[in-house]
Amino acid sequence: MAAMPKEATGKTGVPTPSRNKPERPRDGLGRPLPWDARPELELEDYDALSLEENDRLGREAVAAGRWFPAHEAWETAWKQARGTGDEELFKGLSQMGAGYVHLLRGNAHGAMTLLRRAAGRVGRYADGHRGIATLALRDRLLADAAGVEEGSLVPGPDAVFEPPTV
């Protein structure tokens with residue numbers, strides 16, 4: 001397996017407190033639609049919710065197989081968690097959501113990359129942190145990334161996998 005390139009850290013590596021992009025209609029997998037299109041995906045106003053509420057919504061979205069809303073909820077929680085010690089956990093959970101979005105969109109490289117990054121972040125936390133079996137989740141994310149790489153987990157809208165437990 002080739003070595004993963006270092007992850008970009010952005011301008012400062014610190015998230016902005018709120019969204020920097022206007023809301024846009026999206027399809028069921030979160031892809032932007034034309035501005036005048038009817039949205040296929042309704043999203044919460046995550047910025048108006050608490051960190052705890054965004055975490056709850058992220059977990060509910062995963063259980064329902066709604067990966068883009070899970071990603072968005074945890075991306076906001078990541079911003080809200082700045083300075084708490086949990087920011088990397090929420091960044092990892094957000095990356096997990098994005099990784100499964102890429103899997104369902106058919107993007108093998110994006111799925112493998114984000115699932116591995118998510119595993120690295122989530123796995124840094126003690127097992128049971130915030131009620132998450134972090135080590136089992138880490139192992140599951142790595143196994144799904146390996147499945148994509150090996151071809152046993154085929155990317156696309158019909159990808160078959162069990163949602164991980166969070």
**Report entry** Label-point separation in nm, residue 44 to residue 64, each point 7 Å along Cα→Cβ
**Finding:** 1.0
Query raised in the report: Ranking 36, 45 by Cβ neighbours within 10 Å, fewest first, what do you get?
Result: 36, 45
Query raised in the report: With each run of n ≥ 4 DSSP H residues scored as -39500 (n - 2.57), what mean residue ellipticity at 222 nm is computed for the chain after dividing by its residue count and rounding to the nearest 500 deg cm²/dmol?
Result: -15500 deg cm²/dmol
Query raised in the report: How big is the C-alpha Rg of the chain next to the rule-of-thumb value 2.2 N^0.38 Å, as a ratio?
Result: 1.00
Report summary line: Neighbours of residue 128 by Cβ distance under 14 Å: Lys/Arg at +1, Asp/Glu at -1, summed charge +1
Query raised in the report: Per-residue HN-Hα couplings for region 135-145, Karplus 6.51 cos²θ - 1.76 cosθ + 1.60 at θ = phi - 60°, whole Hz, x for Gly and Pro?
Result: 6, 5, 5, 4, 4, 5, 5, 5, 5, 5, 4
Requested in this report: Please name which of 97, 51, 69 has its Cα lying farthest along the dipole of region 47-150 towards the positive end, using unit charges on Cβ (Lys, Arg +1; Asp, Glu -1) and the Cα centre as origin.
Outcome: 97
**Report entry** Nitroxide proxy distance, nm - points 7 Å out along Cα→Cβ at residue 127 and residue 149
**Finding:** 2.4
Report summary line: Correct response: the longest run of the chain lacking exposed GluC sites (Glu not before Pro), defined by DSSP loop and at most 10 other Cβ within 10 Å, is 43-166
Query raised in the report: Which residues' amide hydrogens lie under 5 Å from the amide hydrogen of residue 26, considering only partners 5 or more residues apart or on another chain, with H built in the peptide plane?
Result: 33, 40, 41
Query - Nitroxide proxy distance, nm - points 7 Å out along Cα→Cβ at residue 161 and residue 35 - result: 3.5
Requested in this report: Please report how far the C-alpha centroid of region 23-37 lies from that of region 124-139, rounded to the nearest whole angstrom.
Outcome: 33
Requested in this report: Would you list the P(r) distribution for region 28-100, with all Cα-Cα distances sorted into 5 Å bins from 0 and each bin expressed as a whole %?
Outcome: 4, 19, 27, 23, 15, 8, 3, 1, 0
Report task. Calculate one ³J(HN,Hα) per residue across region 42-54 by plugging θ = phi - 60° into the Karplus curve 6.51 cos²θ - 1.76 cosθ + 1.60, and present them in order as whole Hz with x for glycine and proline. Result -> 9, 10, 5, 8, 4, 5, 8, 9, 6, 4, 4, 5, 5
**Report entry** Size of charge dipole - the chain - debye, nearest 20, with Cβ of Lys, Arg +1 and Asp, Glu -1, no other charges
**Finding:** 540
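Since every read-out is calculated from the coordinates, none of them should be taken as a lab result. Since this is a predicted model, take the numbers as computed values, not measurements. Counting neighbours? That spans all protein chains shown, and the Cβs are built from the backbone with ideal geometry, glycine included.
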